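Everything on this sheet refers to the single structure shown next.
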Amino acid sequence: MALIFLNGTTSSGKTSIARALQDELVRPYCVTGIDDAFAMLPDRLHNNPDGFFFDRDERDHVRLNFGRIGLACLKAHHRSVAAMARSGIDLICDEVILTEELRRDWHEVLSGVRTAFVGVHCSLEELERREIIRGDRVIGQARGQFDIVHLRMQYDIVVNSTNKTPAMLAREIAGLLPASF
């Protein structure tokens, strides 16, 4: 069992890197991530204060927020990822750590799971460009996450997706992973 944990802002390329890692690594790795947690909730709890919703923080930046059910769903997702890893499935997790509470919860549930934490960085200018081009993002999300997603994180590997393709980053990460991965 091994878990490669990709953490970074929206539009930093984590999902594309995860898919490229699947192609790069010899052992088969399954991919899961925060989008799976969002998908678990019924549509009526999206843009809903009990589920997931966008608002503005004290800096007036867009943030993805969650209510009681949204938080429970995120924590259940954390536990499902840990359970899959403990069952012997090699995983790549594509994540956006939005709060200190979620960071602590991830570290608690992954205790004992062989995990390589990978920080996926990207320039703010490139993140904002990608948000616009993709057309499926709430504009301003990346800016709102930029200063918080890596807070208090300790990474085994750090990459920067600003000027590199997902395939290049997958090769870089694969080359830096311990041999047990």
Check: Looking at Ile132, Ile173, Ile148, Ile97, which one is over 15 Å from the mean Cα position of the chain (by Cα) and either part of a loop (DSSP other than H, G, I, E, B) or crowded, with 18+ Cβ neighbours inside 10 Å (or both)?
Finding: Ile173
Check: Tell me, which residue of segment 33-67 that is closer than 25 Å to Phe5 by Cβ and in contact with a His (Cβ under 8 Å, 6 or more places away or on another chain) is surrounded by the fewest Cβ atoms within 10 Å (Cβ to Cβ)?
Finding: Met40
Checklist line | In segment 68-88, the residues that are farther than 18 Å from Met40 by Cα, surrounded by fewer than 20 Cβ atoms within 10 Å (Cβ to Cβ) and either in contact with a strand residue (DSSP E or B) (Cβ under 8 Å, 6 or more places away or on another chain) or of a type in the set (Ser, Thr, Tyr) (or both) | finding: Ser87
Notebook entry, point to check: Within the set of pairs 6+ apart or on separate chains, which have a first residue in segment 86-102 that is in contact (Cβ under 8 Å) with a residue 24 or more places away in the chain, a second that is among the charged types (D, E, K, R) and surrounded by fewer than 21 Cβ atoms within 10 Å (Cβ to Cβ), and C-beta atoms under 6 Å apart?
Noted result: Asp90/Arg27; Ile97/Arg103
Next item on the list: Being touching a Gly at 6+ places or on another chain (Cβ under 7 Å) and at pLDDT 95 or above is the filter; apply it to segment 1-14 and report the residue that is nearest to Asp147 (Cα to Cα).
Entry: Gly8
Next item on the list: Assess whether Leu91 counts as being within 23 Å of Arg137 (Cα to Cα) and surrounded by 18 or more Cβ atoms within 10 Å (Cβ to Cβ).
Entry: no
Notebook entry, point to check: Any chance segment 15-23 includes a residue that's in contact with a Pro (Cβ under 7 Å, 6 or more places away or on another chain), surrounded by 16 or more Cβ atoms within 10 Å (Cβ to Cβ), in contact (Cβ under 8 Å) with a residue 40 or more places away in the chain and among the hydroxyl-bearing types (Ser, Thr, Tyr)?
Noted result: yes
Note to self: Restricting to segment 100-129, give me the number of residues that are more than 15 Å from Ile17 (Cα to Cα) and under 13 Å from the mean Cα position of the chain (by Cα).
What the structure shows: 3
Margin query: Give me the residue from segment 172-181 that is more than 14 Å from Gly13 (Cβ to Cβ) and not hydrophobic (A, V, I, L, M, F, W, C) and, out of that set, modelled with the highest pLDDT.
Written below: Gly175
Next item on the list: Name the residue, out of Met168, Met153, that is hydrophobic (A, V, I, L, M, F, W, C), touching a Gly at 6+ places or on another chain (Cβ under 8 Å) and either loosely packed, with under 15 Cβ neighbours inside 10 Å or at pLDDT 95 or above (or both).
Entry: Met153
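The values are calculated or read from the model by the stated rules, or taken from the named source; none is laboratory data. Small disclaimer: the values here were computed from a predicted structure and weren't measured. Positions of Cβ are backbone-derived with ideal geometry, glycine not excepted, and every protein chain shown enters the neighbour counts.
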